[in-house]
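Participant: First, the structure itself, so that you have it in front of you.
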Amino acid sequence: MKEFKNKGDKSTKEGFGEGVVVIGEMNPNVIGLGADITASVGMNLFAEKFPERFFSLGIAEQNCIGVAAGLALSEKTPVFSTYGVFAALRTTDQLRISVCYNNLHVIIGGAHAGISVGPDGATHQALEDIAVMRVLPNMTVLSPCDATQTKLAVIAALEQVKGPVYIRFGRAPVPDFTFPEMEFKVGKSQLLCNGNDLTIIATGHLVWDALQAAYTLNEQGIKARVINMHTIKPIDEQAIIKASEQTGAIITAEEHQIYGGLGGAVAEVVAKNIPVPMEFIGMDDSFGESGKPEELLNKYKMTSEYIIEKAKKIIKRKLTI
Amino acid sequence: MILKKITSTEQLRRISKEIRKSVLISLAEAGSGHTGGSFGLADIFTTLYFNILNHDPDNPDWEDRDRLILSIGHVAPVHYASLAIAGYFPKEELLTLRKLGSRLQGHPGREHGLPGLELSAGSLGQGLSVAVGMALAGKMDNKKWRVYSIHGDGELQEGSIWEAAMSASNFKLNNLTSIIDRNDLQIDGKTSDVMQLEPLADKWKSFGWNVLECNGHDHSDIIEKINQAKKVKGKPTVIIAKTIMGKGVKSIEDNHLWHGKAPSKEQLKDFLIQLEND
């Protein structure tokens, strides 16, 4: 089995920031918008490089979304980045009507995604953003797994998406293990590890943990398939149906509420097409709290150890059907 | 072809009457919709579409057109009637308002393909931000086109309006003119009873705007104030237009109960007669 190696820890936020600079270079109509937290949401590089194309709108996220809509209606491609909690929840109505109903090409960055935000605590840990974003018609939802892929996701958001697109990324340095040569195709998941005993469908930071779980399981004779679901919407139905057919058991893993997130999205496809046992790794309908990222991931059972535990459980369930 | 500007107030008044008539007929046919605000804004829409805006009904996406953002989507009937009379689509289509499959949605929805709509809108408090984004884009590219936005007075109770207001003056958007339909009414009653807006002009001034007031039923006053706004440097202009909800049909004027109501088929005849005699 070919194993992915950590090239060094790097936050997905950094990948986002680098990606925004790249698309700024690619297209002079890319405009950056900020709501005061420029550096902590990865927009500082763009703001420094293209000061004439970066607008600080102050702590006023609802206005940011509306201004982005106005720019998009005037041949610009705005990139607005803020914390995921605000992007998805403070501005939901503006997103729904001004951006999504008008189907405008607005790129929205959602920083501080997941429990691994750490000590800032529950208010700043975006754990509902996937659910909110994916329910909005016309919205594309991207959740890349590491810094390298987040950069590619930003480029894909410019080149491959015509309407509104949300890119979710985290704060903590996490293993950077994918390669720029690995094509990022919106809506097409990546098979990172093949196996037929069960499938782990993961998104964001937990893709790395899913891989670690698969490598350990492999040593124990259990062949787990690992799918990187970097696009939550439109979701790669074919890959999910194939996983159901070929492996008969699916675990989802995400730093997000299980309700409405990746788990919910995958379950919808599974139930509609070929029902198989499922297990879910993610927040179980609660708020987070302060702590170090690794402490929180452990407390809320979002590590490779818990994925392994679920894997053994689901294989038993599969055999009793 | 760019629509020729009409300067005769007599002629503008006739168009306003035609717009109001079309609004009444389309609302009666629809059986629901917002009569009061549509009537109150008919003179302002007439002035914008037939005197102020540079626009081309044959080429709705003409890149140098002035942009009109309707923030209060519920007065769509007056917007639709103005567009139809200006030549964007056949007037007969006004009879499809609010019906299944129509391009004339209850609140404007661009995805249904009606030409001339700049924005799908209906949730109050959003349009000013969009207008700011457009004006900012125009400034960046040194465009001559201007952005106009239309707001209700009740809508100003939305906090997002003031976020947008702050940003418009921050960016010195003198290519933006916002018009407030100041009829002092909202669904629950008088705005002054529901939530006090006064001193309204002072609020806008303190947010860094140039503030003008006009009689929203006097075409020449509206034209004069909008043309004044064009000359202002370094700040956006808001025009507080004093209007009467339901203006043109005496029996429904200044009555908040007509905010979200359409005339019945029986009332239609009576209202058309009242309109004719107005």
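The values are calculated or read from the model by the stated rules, or taken from the named source; none is laboratory data. Here the structure is a predicted model, which is why all the values come from computation and not from measurement. Every residue, glycine among them, receives a Cβ derived from its backbone with ideal geometry; neighbour counts consider all protein chains shown.
Participant: Take residues that are without any contact (Cβ under 8 Å) to a residue 40 or more places away in the chain and tell me which of the helices (runs of 4 or more DSSP H) falling wholly in the range A:205-321 contain 3 or more. Spell out how you get there, then give the answer.
Facilitator: Details: elements: A:206-219, A:237-247, A:262-273, A:293-299, A:304-320.
Because the criterion is at least 3 residues that are without any contact (Cβ under 8 Å) to a residue 40 or more places away in the chain, the helices (runs of 4 or more DSSP H) in the range A:205-321 that meet it are A:237-247, A:262-273, A:293-299, A:304-320.
Participant: Now for a different question. Looking only at the range B:124-170, filter to residues that are without any contact (Cβ under 8 Å) to a residue 24 or more places away in the chain and at the interface with another protein chain (Cβ under 10 Å from one of its Cβ atoms); which one of those is nearest to the chain's Cα centre (by Cα)? It would help to see each step written out before you state the result.
Facilitator: Pass one, the range B:124-170, residues without any contact (Cβ under 8 Å) to a residue 24 or more places away in the chain: B:133, B:137, B:140-142.
Cutting the leftovers down to at the interface with another protein chain (Cβ under 10 Å from one of its Cβ atoms) gives us B:133, B:137, B:140-141.
Working: B:G133: 19, B:A137: 22, B:M140: 26, B:D141: 26 Å.
For the range B:124-170, the residue satisfying everything is B:G133.
Participant: Here's another thing I want to ask about it. How many residues does the range A:1-42 contain that are farther than 24 Å from A:A69 by Cα and part of a loop (DSSP other than H, G, I, E, B)? Lay out the reasoning, then the answer.
Facilitator: Going through the range A:1-42, the residues farther than 24 Å from A:A69 by Cα turn out to be A:1-12, A:14-15.
Pick out the ones that are also part of a loop (DSSP other than H, G, I, E, B) and you get A:1-8, A:11.
Here the count works out to 9.
Participant: For residues in the range B:135-156 being touching a Leu at 6+ places or on another chain (Cβ under 8 Å) and of a type in the set (D, E, K, R), which is surrounded by the fewest Cβ atoms within 10 Å (Cβ to Cβ)? Show your work before the answer.
Facilitator: Start the filter on the range B:135-156 by keeping residues that are touching a Leu at 6+ places or on another chain (Cβ under 8 Å), which leaves B:135-137, B:139, B:146-156.
If we keep only those that are of a type in the set (D, E, K, R) as well, we get B:139, B:146, B:153, B:155.
Numbers: B:K139: 16, B:R146: 23, B:D153: 21, B:E155: 22.
Looking at residues that are touching a Leu at 6+ places or on another chain (Cβ under 8 Å) and of a type in the set (D, E, K, R), I get B:K139.
One line per residue, one yes/no per condition, for (1) small (G, A, S); (2) out of contact with any Ser or Thr (no Cβ under 9 Å at 6 or more places or on another chain); (3) under 24 Å from A:I97 (Cβ atoms); (4) part of a loop (DSSP other than H, G, I, E, B):
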site	(1), (2), (3), (4)
B:T47	no, no, no, no
B:D58	no, yes, no, yes
B:V75	no, no, yes, no
B:H79	no, no, yes, no
B:I85	no, no, no, no
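Participant: If we keep just the residues of the range A:214-264 that are small (G, A, S) and surrounded by 24 or more Cβ atoms within 10 Å (Cβ to Cβ), which is farthest from A:K316 (Cα to Cα)?
Facilitator: Step one: filter the range A:214-264 for residues small (G, A, S), giving A:214, A:221, A:224, A:239, A:243-244, A:248-249, A:253, A:260-261, A:263-264.
Imposing the further condition that a residue be surrounded by 24 or more Cβ atoms within 10 Å (Cβ to Cβ) reduces the set to A:214, A:224, A:243, A:249, A:253, A:261, A:263.
Working: A:A214: 17, A:A224: 14, A:A243: 17, A:A249: 10, A:A253: 19, A:G261: 25, A:G263: 20 Å.
It comes out as A:G261.
Participant: State all residues of the range B:157-213 that are part of a strand (DSSP E or B), crowded, with 16+ Cβ neighbours inside 10 Å and not hydroxyl-bearing (S, T, Y); if no residue qualifies, say none. Reasoning before the result, please.
Facilitator: At the first step, the residues of the range B:157-213 found to be part of a strand (DSSP E or B) are B:176-182, B:185-186, B:189-190, B:210-213.
Retained after the next criterion (residues that are crowded, with 16+ Cβ neighbours inside 10 Å): B:176-182, B:185-186, B:210-213.
If the condition is that a residue be part of a strand (DSSP E or B), crowded, with 16+ Cβ neighbours inside 10 Å and not hydroxyl-bearing (S, T, Y), then B:L176, B:I179, B:I180, B:D181, B:R182, B:L185, B:Q186, B:N210, B:V211, B:L212, B:E213 are the ones that fit.
Participant: Could we say that A:L45 is of a type outside the set (D, E), part of a helix (DSSP H, G or I) and farther than 22 Å from B:G127 by Cα here?
Facilitator: Spelling it out, A:L45 is indeed of a type outside the set (D, E), part of a helix (DSSP H, G or I) and farther than 22 Å from B:G127 by Cα.
Participant: Also, quick follow-up: Can you tell me how many residues in the range A:38-54 are surrounded by fewer than 24 Cβ atoms within 10 Å (Cβ to Cβ) and of a type outside the set (D, E, K, R)? Step through it out loud before you land on a result.
Facilitator: Residues of the range A:38-54 that are surrounded by fewer than 24 Cβ atoms within 10 Å (Cβ to Cβ), as a first pass: A:38-40, A:44-45, A:47-54.
Right, trim to of a type outside the set (D, E, K, R) and you get A:38-40, A:44-45, A:47, A:50-51, A:54.
Residues meeting the conditions: 9.
Participant: Now for a separate question. Could you grab me the full set of residues in the range B:26-54 that are over 18 Å from B:A76 (Cβ atoms) and of a type outside the set (V, I, T)?
Facilitator: Going through the range B:26-54, the residues over 18 Å from B:A76 (Cβ atoms) turn out to be B:47, B:50-52, B:54.
Matches in the range B:26-54: B:F50, B:N51, B:N54.
Participant: Answer yes or no: is there a residue in the range B:98-109 that is under 23 Å from B:I2 (Cβ atoms), among the basic types (K, R), more than 12 Å from the chain's Cα centre (by Cα) and at pLDDT 95 or above.
Facilitator: no
Participant: Which one of these does A:L198 not meet: (1) buried (at least 24 other Cβ atoms within 10 Å of the Cβ); (2) closer than 26 Å to A:G24 by Cβ?
Facilitator: A:L198 satisfies all of (1) buried (at least 24 other Cβ atoms within 10 Å of the Cβ); (2) closer than 26 Å to A:G24 by Cβ except (2).
Participant: A further question follows. Mind checking which residues of the range A:54-64 are hydrophobic (A, V, I, L, M, F, W, C), more than 7 Å from chain B (Cβ to nearest Cβ) and not in a strand (DSSP E or B)?
Facilitator: Correct list: A:I59, A:C64.
Participant: Tell me, which residue of the range A:77-95 that is part of a helix (DSSP H, G or I) and more than 20 Å from the chain's Cα centre (by Cα) is surrounded by the fewest Cβ atoms within 10 Å (Cβ to Cβ)?
Facilitator: The first filter runs over the range A:77-95 and keeps only residues part of a helix (DSSP H, G or I), leaving A:84-90, A:92-95.
Of the ones still in play, those that are also more than 20 Å from the chain's Cα centre (by Cα) are A:93-94.
Numbers: A:D93: 15, A:Q94: 25.
If we take residues in the range A:77-95 being part of a helix (DSSP H, G or I) and more than 20 Å from the chain's Cα centre (by Cα), then A:D93 is surrounded by the fewest Cβ atoms within 10 Å (Cβ to Cβ).
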